[in-house]
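To start, the structure itself, in structure tokens.
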Amino acid sequence: MSSKIKILREDYPTLINDDTEIKYDEGWHNIVEGMLAAIKIYEDANLGISNLTPVYISKIESKFGALDVEFDGGDDVVQEIVIFSKTLSFKTCEKCGKLGKLYCSTKWMKWSYKKVLCTAHAVELYYYSIE
Ligand SMILES: [Zn+2]
């Protein structure tokens, strides 16, 4: 996984760098890669000709079971790309990328870790279904 993140840092050096905190499991890699590609393509087409400012992402991580992205710059379109990517994470197993839903690490939902998982990974990790 760390080698895949290293490649992302090399492929998108203006969007993320060594100071960007990146922490998520394998299953969300396609979502993150797609998000960075979409932002880069949009930036390349619009920087300098609209009110778009260069995007710098300081954090990409799994937080309360969803993808959390913190960034500076951009515009409304970049905001939408990030929201769309977060929405994909709500239904994508963070371990394997298959269709998933939110599970908890304990029966006491309020105090437990949350993760989006497929049924197989929820069983493997002893996570509890919320619904
Ligand atoms: Zn899975």
Inset, instruction - Sticking to Cα atoms, compute the Rg of the chain to one decimal and its Dmax as the biggest Cα-Cα distance, whole number, in Å. - result: 15.9, 52
Inset, instruction - Report Rg (one decimal) and Dmax (nearest whole number) for segment 63-126, counting Cα atoms only, units Å. - result: 13.7, 41
Legend entry - DSSP-assigned coil residues among GluC sites (Glu not before Pro) in segment 1-105, each with at most 13 further Cβ atoms within 10 Å: none
Inset, instruction - Binning at 10 Å from 0, report for segment 52-97 what percent of all alpha-carbon pair distances ends up in each bin. - result: 26, 51, 21, 2
Inset, instruction - Could you give the DSSP H helices of the chain that reach 24 angstrom or more along their long axis (alpha carbon positions) and whose average Kyte-Doolittle hydropathy is no lower than 0.0? - result: 29-46
Inset, instruction - Write down the Å³ per residue value for the convex hull defined by the alpha carbon atoms of segment 1-47. - result: 66 Å³
Inset, instruction - Return the calculated 222 nm mean residue ellipticity for the chain, to the nearest 500 deg cm²/dmol, obtained by summing -39500 (n - 2.57) across DSSP H runs with n ≥ 4 and dividing by the residue count. - result: -11500 deg cm²/dmol
Inset, instruction - Determine the relative contact order of the chain: mean sequence separation of Cα pairs under 8 Å and six or more apart, normalised by residue count, in whole percent. - result: 21 percent
Legend entry - Backbone N under 13 Å from the Y128 label point (7 Å along Cα→Cβ), restricted to segment 74-104: 103-104
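Taken together, the values in this text are just the output of simple stated rules run on the coordinates, not laboratory data. Because the structure is a prediction, the values reported are computed rather than measured. Here Cβ is always computed from backbone atoms with ideal geometry, including for glycine, and neighbour counts include all displayed protein chains.
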